[in-house]
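Derivation of every value follows stated rules applied to the coordinates shown; laboratory data play no part. Every value quoted in this text rests on a predicted model; they were computed, and no experiment measured them. No Cβ is skipped: glycine too gets one built from the backbone with ideal geometry, and neighbour counts run over all protein chains shown.
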Amino acid sequence: MNESHPMPSQVPPLTPTQGDDLSRQPSLWKRALLVALRGFLSFVGLALLLLLTFVVLRIPPLKAMQTLWEGAFGSAEEGHWYALSATLVQTTPLLLTSLSIVIAWRAGLFSIGAQGQLLIGALAATALARIGEHWPAVCLQAGMLAVGVTGGAIWGWIAGWLRTRRNVQEVISTIMLNYIAQYLVSWLILGILREKGGHLSESETLPGPVLFARLIPMAWSDGIQTSLHTGVLFALIAVPVIAVLLFRTPWGFELRVLGQNAEAARVARYPSNGLRLQAMTLSGALCGLAGVIELLGSSTGSLPASGFAYGVGFTAIPVALLGGLHPIGILFSSLFFGALTQGSRNLEQNAGVSSVLIYIIQAVAVLTVVGVRAWQARHTTGETE
Amino acid sequence: MPEAGDRAGAGSQPAAWTGPYAESPSPLFAMAGIVKQYGATRALDGVDFDVRTGEIHALLGENGAGKSTLMHILAGLTRSDAGEIRRLGRPVSIGSPIAARSLGIAMVHQHFTLVPAFTVAENLALDAPPPQTASLSKRLSARFRYSASEAAERALQRAAALGWQLDANVRTADLSVGTQQRVEIVKALATEARLLIFDEPTAVLSGDEISELFTVLRRLRDEGCAIILIAHKLAEILAVADRVTVLRLGERVASCTVAATNADQLAAWMMGSTLESLPAETEEGAGTQLPQDAAQSPPIGASHHFVADAIHVAGDRGEHTIRGVSLSVRGGEIFGIGGVDGNGQTALAEALVGLRVVTSGERTWNGGPFHPGSFPATAYIPQDRRQAGLAVTMTVGDNLLFDAVRSPDFRRGPLLKARPLRQLASNLIRMFDIRTPGLDYAVSALSGGNQQKIVVARALHANPEWIVAMNPTRGLDIHATRFVHTQLRQARARGAAIVVFSTDLDELFALSDRAAILSGGVLTEVASGSHKTTQIGLLLGGMEQKP
Amino acid sequence: MSVIGGAVLGTVTMATPLLLAALGENVVQKSGVVNVGLEGMMLTGALMAIIGTQWTNNPYLGVVVAAVAGAIIALLFGLFAVRLGANQVVVGVVVNLMALGLTGTLSRALYGKQQSFLTATPLPHLLWNQTLLTLLALVATPMLWWWLNRTRGGLELRACGEQPIAAEASGVPVLRVRLMAVLFGGMMAGIAGACLSVGDVPTFNEGMSAGRGFIALAIVTSGRWNPWGCLCAALIFGCMDQLGVQGQALGVNLPHDLLLALPYVVTLLILLSSSRFSQAPASLGRPYRRA
């Protein structure tokens, strides 16, 4: 602490009624309560939205909600583990990709490249698997993870470079990179990385020990193999890691300031371009990790020529926005989306409702969040001079 | 130097007129008792003002005197809190620029409302009222075939009538500033205005262009327009205006014909005779040396010395904003730079802290290399806090810590030391009396004054050796202003070299050991002494000091 | 028909949807708004064109339905991005995702099992194997250029995109003009989507626009916000698209997938080299809030 400041007692006392016109804010407890209330209300709001959608589509709402819930979390009769594990499997890559969106968007970079970065990660890992076919399983698994993360990181770095050195808007460049990644995958998978038999449009299956272990013993789920794999641990660990990175490190602090006001960051002498490049690289790395995890968590570990982890990179954006671009918020919103996806499958099977409603919910929810924030921004009083 | 032109009808005006507006022969527009309050500040406090047809009425005052505010009210950009406006004796309400236009008022702004990418014709056409052609078919065809040049025809003719050759097809951004201003003026004229308000028109012009402008102003006056000229350059006012009204701190100080006054008198009115009698700030207890301070932190060293040698700095668009400025500041000294906004202050300030490169010239610190940020430890208080000083969506605590997070004192490995940082932030809040319920409120919820305190607190707390501050007390009430001044003086006592840019001359002279005026990209140092105020006024007014 | 001739016509066909969408976006961006949701509007248009064609048994009416659908999505975008002043990129991305999901699941619901959209009649070929939409695009190019540069409406719109404050001071209702532009852009995107789905063999696949909405954005930039420039750029990209589909038949010796990736690579390269956004409307992307 700096001792050279005058102690408060030596400052001439200031009369409390000087013109500063501060709006009164409630105490800390009240604010915490308000935040919790707002969170609760948004979930209630989402639930109401679901109910409303059912009513509009002329589906018995309560039954539909129950079907949704059971699809996501299981029921007393059928046991919970199967559904729960399916939900968590849905959530895992979503969690990682939306964390990557958080990093990029918090830096002020509107990257939409999660899908491409994910694919490149999976592709790189697959390429390594081909090279290291005869490596010990542990080495191969570790190597695939490392290569996947690196591949995704490079893919993100490219967009970052294009932005910082050539002022190419990342919105367009990341989309282009998505498509290029998609075609790279199909070219290589149908080409040199194709499975040995040459019939299937996918890569060679990986030996069992390389793949992620299943977490839930079969005894718990009535002898049915559940799909929840150790990859979920990576995702769950990533949440606090990213939270600490964003909110407890100097790098994260500077990044957040950059995203809020690039000019202020410049005046504070923050290394703006470096931060942007690093953010895109880290963002890509997280998606690359998501890609490898999806690969290693699947039952065969083979990368198909198309349709791998379909839509995960894009769903990450509404998840990130609904989570308030905050890692903790994303934990909940990705779980919500995972549950919604799982549950709506159940709804489709048992009640014949098409899963279009997920997209309606997504869009309405996100637009509401975006709209409310924009409306608030219009009405802040700010300067009075 | 523009010469006094002939004044048609000068003889018919009464001399030394200082009475209330009710006594004057019916003016075109008359404002009475105008009050405008911005939060805690009274920008205008019961101001009377009027203007007659066929006269050029200058409105004089330094920054913050209220001239722009008064004219914004007249031009419909803002509404007054009290007072009334009359046109030819009848009360009117001016709620919007369109309403002002319908009353025949047009304003030529300091920051032009031109579209830079448009040609001159397109800019003029944008403002041109739709043609009043009678036939339907002509109006329909006008929708499908519209020529900007045709629509701008009338405005271009007006320009020609004034002796200006405007090339209709040049991009406005490519024009010289003087020519752009002509386009802006012609735009205003084309609205058939009877009252033209000019906001600091000569601020962007050079000598010849100024004379030409004045010729135009006189011609317009002779044609029967009423012209209000917001200005601060005394020589120009004396040269072209018929009457002048002086505002100071939101009040009308004086009003008379130009014939009845002179530069010194105007300067004195503008500065106010109270400059010398300002309650001495240095007598505050907090301003003198505190024994604890001296013991706990030895002064940095009076050996600090910043020198800028003939530096040239480019403006935002690459123009030559700062031309050959040299200055030298020592540790333990406050160097004040005054001057009206728009004379290159931001460019110079940023160059002084290394946020902007100098296109030529050198900066040295203690005779050696100048690496602001690390060597010397630098603090910078920017001009626009919302744009460059704060992240208004982040918390007060976070905003206070912009620089602290970069210091190794607050890091433990890769992480930040959260509690010491929060402690620092709350200490700063207490010490600078930042009115906020706590650390975790968004800065946007605070008043402008408190926001400014955040910026100041952040800059000054880490014991910087080199401080550059732009309008550091902007938006602060008088106690907070004095507090900041105390802080600056203490930094000086600790041996820091300080440069303060201020448009408030009272502040400048309360704080500075040495001062200079920045005008037109050139720095002129001001000698201390008894004729100080007049000299300053003259310098601000763009005139050379008399030997 | 010679191989080259066929390739040229194929280029024009592939360029048409790109050009239509780009022309619409050109107008939108000239008014100061970035519409990233172009892709979603195209996709919606594609689906609604098929549905409309089936309902009415008339592909032209299907195109009209597509145009309306695109405009409706654009209205949603405009409400948030223009009226409310929310971040234009965020709203655009969300609109895209919504449209992607909605059209995908809707098409699966309607056409999943049977290939029933084969009962839709495609747009008839008029001249040189081109449909009316190509003609529309080629006529729209000079018309839009004319409207932007030689009419009062175009002048006002351009002022909104360059210096909205000046426009407002001259009495131009900036928000209303921008909203109208956005609706127009959505309409054009809808028509572009119709081009994709009922232009040749009536078909709809999830995500069939395949990033063309984004390529259209790149076309506007590389065409320097000039309809004629958009035409040139669209032809180049159409050529790339054509190479992707027919490249190997034309003797180009690259793997099929890499040819398909060509338009996207070329987009990046073009954007890389034309990095100076000097021609962009000065207020592009900045929400305008009336003071």
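Can you give me the P(r) profile for segment C:3-273? Cα pairs, bins 10 angstrom wide beginning at 0, each as a whole percent. Taking all Cα pairs of segment C:3-273, the binned fractions are 8, 30, 36, 20, 5, 1 percent. For segment A:121-169, the relative contact order works out to 39 percent when only alpha carbon pairs closer than 8 Å and six or more residues apart are counted. Look at C:Ser209, B:Ser326 and count the other Cβ atoms within 10 Å of each Cβ; fewest to most, that gives B:Ser326, C:Ser209.
Under a point-charge model restricted to the Cβ atoms of Lys and Arg (+1) and Asp and Glu (-1), what is the dipole moment magnitude of chain C relative to its Cα centre, in debye to the nearest 20?
780
Report, in whole Å, the centroid distance computed from the Cα atoms of segment C:214-243 and segment A:298-349. Result: 34 Å between the Cα centres. Over all distinct Cα-Cα pairs of segment B:309-461, the Kirkwood formula returns a hydrodynamic radius of 17.4 Å.
Normalised by 2.2 N^0.38 Å, where N is the number of residues, the C-alpha radius of gyration of segment A:79-373 stands at 1.01. Here the contact order of chain C, divided by its residue count and restricted to Cα pairs under 8 Å and six or more residues apart, works out to 36 percent. From most to least packed by mean Cβ count within 10 Å, the peptides A:109-119, A:79-89 give A:109-119, A:79-89. Helix C:174-198 axis versus longest C-alpha principal axis of chain C: approximately 0°, rounded to the nearest ten. If one puts a single equal scatterer on every Cα of segment A:108-229 and applies the Debye formula without solvent, what log₁₀ I(q)/I(0) results at q = 0.10, 0.21, 0.22 Å⁻¹? Scattering profile of segment A:108-229, log10 relative to I(0): -0.42, -1.11, -1.15.
For chain C, the longest principal axis of the Cα atoms and the long axis of helix C:59-78 meet at an angle of about 40 degrees. Cross-link pairs exceeding 31 Å between alpha carbons, from the set B:Lys36/C:Lys30; B:Lys67/B:Lys187; B:Lys233/B:Lys453; B:Lys36/B:Lys453; B:Lys67/C:Lys30; B:Lys187/B:Lys233: B:Lys36/C:Lys30; B:Lys233/B:Lys453; B:Lys67/C:Lys30. Shown for B:Arg323, B:Arg419: other C-beta atoms within 10 Å of each C-beta, ranked fewest to most, produce the order B:Arg419, B:Arg323.
Taking 0.36 nm per residue of separation and subtracting the Cα-Cα distance, full extension of the segment from B:Asp316 to B:Asp167 would add 51.0 nm. Dividing the Cα radius of gyration of segment A:225-267 by its Kirkwood radius returns 1.31 for Rg/Rh. For segment B:232-249, the residues whose backbone nitrogen is under 16 Å from a point 7 Å from the Cα of B:Ala259, taken along Cα to Cβ, are B:238-244. Counting Cβ atoms of other protein chains within 10 Å of each residue's Cβ and taking the mean over peptide C:95-106 gives 6.
When each of the peptides C:38-48, B:361-371, B:222-232 is scored by the mean number of other C-beta atoms lying within 10 Å of its residues, the order from highest to lowest reads C:38-48, B:222-232, B:361-371.
Mean partner shielding of peptide B:122-128, defined as the number of other chain Cβ atoms within 10 Å of each residue Cβ, is 5. Peptides C:213-222, B:427-436 ranked from most to least packed by the mean count of surrounding Cβ atoms within 10 Å: C:213-222, B:427-436. Computed over chain C with a Gaussian network model linking Cα atoms closer than 10 Å, the most mobile of C:Ala192, C:Ala167, C:Ala233 is C:Ala167. Other residues within the sphere of radius under 13 Å centred on the Cβ of B:Gly46, judged by their own Cβ, net out at -2 (K and R +1, D and E -1).
Under 10 Å from the Cβ of C:Thr13, count the other residues' Cβ atoms, weight Lys and Arg +1, Asp and Glu -1, and hand me the total.
-2
Taking neighbour Cβ counts within 10 Å as the exposure measure, how do C:Trp225, A:Trp375, B:Trp164 sort from fewest upward?
Arranged by neighbour count, lowest to highest, C:Trp225, A:Trp375, B:Trp164 become A:Trp375, B:Trp164, C:Trp225.
For chain C, the longest principal axis of the C-alpha atoms and the axis of helix C:132-150 are separated by about 20°.
Charge tally for A:Gly160 (other residues, Cβ to Cβ under 15 Å; Lys, Arg +1; Asp, Glu -1): +4. In terms of its Cα atoms, segment C:150-291 spans 58, 36, 27 Å along the principal axes, sorted from long to short.
In a solvent-free Debye calculation with one equal scatterer on each Cα, what is log10 I(q)/I(0) for segment A:226-337 at q = 0.10, 0.13, 0.14, 0.19 Å⁻¹, listed in the order of the q values? With no solvent term, the Cα-only Debye profile gives -0.37, -0.60, -0.69, -1.11.
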